[in-house]
1. If ASN105 satisfies every condition in (1) under 23 Å from PHE54 (Cβ atoms); (2) in contact (Cβ under 8 Å) with a residue 60 or more places away in the chain; (3) not charged (D, E, K, R) but one, which is the exception?
2. Do we find that ASP128 is more than 25 Å from LEU80 (Cα to Cα) and modelled with pLDDT of 80 or more in this structure?
3. Does ILE121 qualify as being surrounded by fewer than 16 Cβ atoms within 10 Å (Cβ to Cβ), more than 14 Å from the chain's Cα centre (by Cα) and closer than 26 Å to LYS35 by Cβ?
4. Taking the range 38-79 only, how many residues are modelled with pLDDT of 85 or more and not in a strand (DSSP E or B)?
5. Return the residue satisfying two criteria in turn: it lies in the range 155-198 and is of a type in the set (S, T, N, Q) and in contact with a helix residue (DSSP H, G or I) (Cβ under 9 Å, 6 or more places away or on another chain), and of such residues it is modelled with the lowest pLDDT.
Amino acid sequence: MQREGRTEQIQITGSSNGIYILAGLLVIFFDQLSKWLVYFFMAESESISVLGNFLLITFIYNPRGAFGFGSGAGPLYIFLSIVAIIIIVYYFQRSHHIERFLRLNLSLILGGALGNIIDRISHGKVIDFVDIDFFDINIGPRTILGLQFPGFQIDRWPIFNLADCAVTIGTLGVILYMITHPNFASRKMAESKTSPNQ
């Protein structure tokens, strides 16, 4: 009876993963489709106005991280993305069909990470094209806890892609979940200790 119950739980887990797998696959599909259209129909550095100067489609290659942040160490970003993917897949295997909001956001992160990995492997860089003028950010130099920060300023948002959007939305969702479920980590540790051996 215990073996049958375990088999049923695995079957439920597999079927419940379908919506999350689909979410990740949709992120990859639309991300790669949009990049394919930009790659084949636009020249590098070309811009097309969509909503005046507020929203442009600008084709650039980005050797850095999401939204152009970080250094140009492509292999490092591939490594970090693979580590993130392994962690997310591991959590999916351990969490079964619970925490749906959290798992959906992890699916977005997973799809976005894979979308940009595909770019780095095929092009050596990431294709970015969403060029939008949200709002200016101007943070002057200041000292916090005795540490000097040089400040930060941008007049136009860094160019990004749909994979970056998915990763950002997913990350914000995970942070929101952690804030609204402060006992999540301790509860998961307790569950892992009481769960039967794999």
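The values are calculated or read from the model by the stated rules, or taken from the named source; none is laboratory data. Predicted model only: the values in this text are computed from it and were never measured. Don't worry about glycine lacking a Cβ; one is built from the backbone with ideal geometry, like all the others, and counts go over all protein chains shown.
1. (1)
2. Against the criterion (more than 25 Å from LEU80 (Cα to Cα) and modelled with pLDDT of 80 or more), ASP128 does not qualify.
3. When the stated conditions are applied, ILE121 passes them.
4. 12
5. Top of the filtered list is GLN198.
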